[in-house]
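Read through the structure below, which is laid out as structure tokens, and then see the notes.
The values are calculated or read from the model by the stated rules, or taken from the named source; none is laboratory data. Everything quoted here is computed from the prediction, not taken from an experiment. Please note: Cβ atoms are built from the backbone with ideal geometry, for glycine as well, and neighbour counts cover all protein chains shown. With ligands, DNA and RNA removed, areas are computed over all heavy atoms of the protein, side chains included. Shrake-Rupley method; radii C 1.70, N 1.55, O 1.52, S 1.80 Å.
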Amino acid sequence: MIRTTGLTKDFTAKSGTVHAVRGIDLEVAPGELVAVLGPNGAGKTTTIRMLTTLTAPTSGTAQVAGADIAREPGTVRRRIGYVGQGNGAGHAQRAVDELVVQGVVYGLDRRDARRRAAELMTQLDLDGLATRKVSDLSGGQRRRLDVALGLVHAPRLLFLDEPSTGLDPHNRANLWEHVLRLRQEHDMTVLLTTHYLDEADAMAERVVVVDDGRVIADDTATALKHTLAGDRVRLAAADPADLPVLAAVVGGVPGARDVAVAGDEVEARVADAPTALPVALAEAAARGVRVVRAEGRQPTLDDVFLSLTGRSLREEGAARAEAPETAEVAA
Amino acid sequence: MTAPTLTETLPARETARSWWGDAWLVMTRELTPTLRDPFSVVFGLVQPLVFLGLFGPLLAGSVGATVPGGDVWAWFVPGILVMTTLFGTSTTGANLLFEMQTGAHERLLVTPLARSAQLVGRAGKEMAPVVAQSLLVVLVMLPFGFAPHPLGVLAGLVLLAVFGVGVGSLSYALAIAVRQQDWMFWAVQQTLLFPLLILSGMLLPLETGPRWMQVAADANPLRYVVDAERALFAGDLASATVAWGAVAAALTAALGLVVGVRTLSRSTR
Ligand SMILES: Nc1ncnc2c1ncn2[C@@H]1O[C@H](COP(=O)(O)OP(=O)(O)OP(=O)(O)O)[C@@H](O)[C@H]1O
Ligand SMILES: [Mg+2]
């Protein structure tokens, strides 16, 4: 459905050349749901803009929905849906009018377009807002309208650039329910970007991590977490003098590696945190080490990013405060 | 739920809609908010009348004698109509600037809408009220002894529309070209507007101006449009003046479309 080779985009700004995308090779099979993760400025939007014919690549090629983005942009546009990072609905327009126009653009007659608009408004929780001006909608309502606009023609390939940003949890869930259903009904392929790691984790069978214009990881969320982060345990000793013993204890649990001491804590990667923790605690007690805190943690996609780049995808400032040693790596 | 049945039948739109259909759709989309706001419609229609009511009597008093042909209204009304067109359509890009900042323009660019139709549709949105304003001005002026040639008025409006779409397209191109610094749009628009206006002999006869002004005016396409409108309203339908005006309007439209479409496709490059 998507195949890119060496997709590259340089911008020439006053301050010099910005290498926004540095040679991305990406393949997305029909029916896949792929989440693209990456920090601000990683090049996610630029990549999507190239794939949707909004901006031409500096070099490299891409096939999107069976057509070449440079040679047959018109064909690409007919076959895809796009929800950009900005607000797609005109501010002076009424919500329903924009949906109807969008339907007509894609070849529905006015009557069908109105029916389709009503249906989407219901599904995206916009009932009662049909005749409201777009500028008078709340940020989240506007975002849902944007998504509805991208879904009007039930495209076979849908691009979503941060669709859920600004939505409350209830509406995020609604949005995904709708996207997932459409995807099943129509075998829709979806490429989305998000900053919500849990969302990428739960929704996408495939996660592509982008940093500084490059793909730095591409796999299922489970595989990424397993190979790049793994489960972790952390135990704190009452007496710092016991730390070496505690470290030995932790090092002895199944699958333990990367055992490290930081402050009053011992931290390590283990095969399975929920079973490793009781083993470690029992052994520590047997050796007379008093443990005052214990934590077992399963990895998140943030841990994956951290292990790939040394930086956290969550707020970088917060990560620095929590883990000064990783901040050094980032700097 | 009707969802499955309807979405099943959704067309993949492999064949293009007609270009005119696209342009019409863009124009009506743009016009809808204006039409829903009766105040803005009334205000917009009345504007040229206010101008005419305030400026006309002054003109009659001061330059009435020097106006070619001597009939102030026959000379002045066509000029006002061209001015309304110029003011109206040269702001086409302003609305676009806003939609470029939000993302609505981007959304439409990804649809199968023909790009040149988006350009013409937006210019047409500014042109439609101008045509309505013009008709109103003509109607209101009839009791004051303004008696234009009916066929000339019709031809005059067509000429205005062609010219207006050209100006609108240029304005659209300007908005795209300066999208990073939107203040530039108004700077350029205003800087160009007044010289063009004055050097067209629209409001004051050029015949009394200095020689250099007349030379400059000869290079101003607007001048030929203004002269043609006057000739048409006077019923002088088959004159060379009208032909030159038609050429000027057609050239403006062609230039607008070429520059507009090129700027638009360059912006996605
Ligand atoms: N038109 C432009 N001119 C110059 N630089 C640009 C332009 N558009 C994007 N960039 C730069 O390209 C880089 C990638 O931007 P992009 O918008 O693709 O990031 P992103 O991954 O979508 O980030 P975010 O999560 O903040 O949306 C950034 O450094 C950005 O400043
Ligand atoms: Mg982005």
Taking the stretch A:60-89 as the search range and keeping residues that are more than 13 Å from chain B (Cβ to nearest Cβ) and within 16 Å of ligand 1 (Cβ to nearest atom), which one is farthest from A:L26 (Cα to Cα)?
A:G60
Filtered residues of the stretch A:72-86 (kept if within 14 Å of ligand 2 (Cβ to nearest atom) and crowded, with 20+ Cβ neighbours inside 10 Å):
A:Y82, A:V83, A:G84
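Does B:A16 meet the test of being at pLDDT below 90, within 14 Å of another protein chain (Cβ to nearest Cβ), more than 30 Å from B:R223 (Cβ to Cβ) and open to solvent by 70 Å² or more (accessible area, probe 1.4 Å)?
On the way: at pLDDT below 90: yes; within 14 Å of another protein chain (Cβ to nearest Cβ): yes; more than 30 Å from B:R223 (Cβ to Cβ): yes; open to solvent by 70 Å² or more (accessible area, probe 1.4 Å): yes.
Here the answer is yes, as B:A16 does meet what is asked.
Go through the residues of the stretch A:19-30 one by one and say whether even a single one is open to solvent by 20 Å² or more (accessible area, probe 1.4 Å), within 13 Å of ligand 1 (Cβ to nearest atom) and within 14 Å of chain B (Cβ to nearest Cβ). Full working, then the answer.
Step one: list which residues in the stretch A:19-30 are open to solvent by 20 Å² or more (accessible area, probe 1.4 Å), which gives A:19, A:22-23, A:25, A:27, A:29-30.
Of the ones still in play, those that are also within 13 Å of ligand 1 (Cβ to nearest atom) are A:19, A:22.
So of that shortlist, the ones also within 14 Å of chain B (Cβ to nearest Cβ) come out as none.
No, that holds for no residue.
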Unique residue being away from ligand 1 (no atom under 15 Å from the Cβ) and buried (at least 19 other Cβ atoms within 10 Å of the Cβ) when the list is A:R49, A:R94
A:R94
Result of the Cβ filter at 7 Å on the stretch A:41-53, keeping first residues that are more than 10 Å from chain B (Cβ to nearest Cβ) and partners that are within 8 Å of ligand 2 (Cβ to nearest atom) and in a loop (DSSP other than H, G, I, E, B), at least 6 apart or interchain, is A:T45/A:Q85
Set A:R172, A:R111, A:R183, A:R144: member being open to solvent by 50 Å² or more (accessible area, probe 1.4 Å) and either under 20 Å from the mean Cα position of the chain (by Cα) or modelled with pLDDT of 90 or more (or both):
A:R111
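Across the stretch B:93-120, what is the number of residues that are assigned to a helix (DSSP H, G or I) and within 11 Å of another protein chain (Cβ to nearest Cβ)? Let's see the steps before the verdict.
Looking only at the stretch B:93-120, we keep the residues that are assigned to a helix (DSSP H, G or I), and these are B:93-102, B:104-110, B:115-120.
Now restrict to residues that are within 11 Å of another protein chain (Cβ to nearest Cβ): B:95-96, B:98-102, B:104-110, B:115, B:117-118.
Of the residues in that region, 17 qualify.
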Over the stretch A:197-219, the set of residues under 24 Å from A:P169 (Cα atoms), at pLDDT 90 or above and surrounded by fewer than 20 Cβ atoms within 10 Å (Cβ to Cβ) is A:R206
For the stretch B:158-183, the count of residues that are farther than 22 Å from B:R115 by Cβ, open to solvent by 40 Å² or more (accessible area, probe 1.4 Å) and modelled with pLDDT of 90 or more equals 1
Cβ contacts < 9 Å: first residue within 30 Å of A:M188 (Cα to Cα), restricted to the stretch A:1-16; second residue of a type in the set (G, A, S) and within 16 Å of ligand 2 (Cβ to nearest atom), any location; separation 6+ or different chain. Result?
A:T8/A:A20; A:T8/A:G213; A:K9/A:A20; A:K9/A:G43; A:K9/A:G213
Looking at (1) more than 16 Å from ligand 1 (Cβ to nearest atom); (2) closer than 24 Å to A:D97 by Cβ, which one does A:E185 not meet, given that it meets all the others?
(2)
Qualifying position, being open to solvent by less than 20 Å² (accessible area, probe 1.4 Å), in contact with an Asp or Glu (Cβ under 9 Å, 6 or more places away or on another chain) and more than 16 Å from ligand 2 (Cβ to nearest atom), among A:I69, A:I2
A:I2
Which of the following residues is within 16 Å of ligand 2 (Cβ to nearest atom), at negative phi and either over 15 Å from the mean Cα position of the chain (by Cα) or open to solvent by 10 Å² or more (accessible area, probe 1.4 Å) (or both): A:T194, A:T165?
A:T165
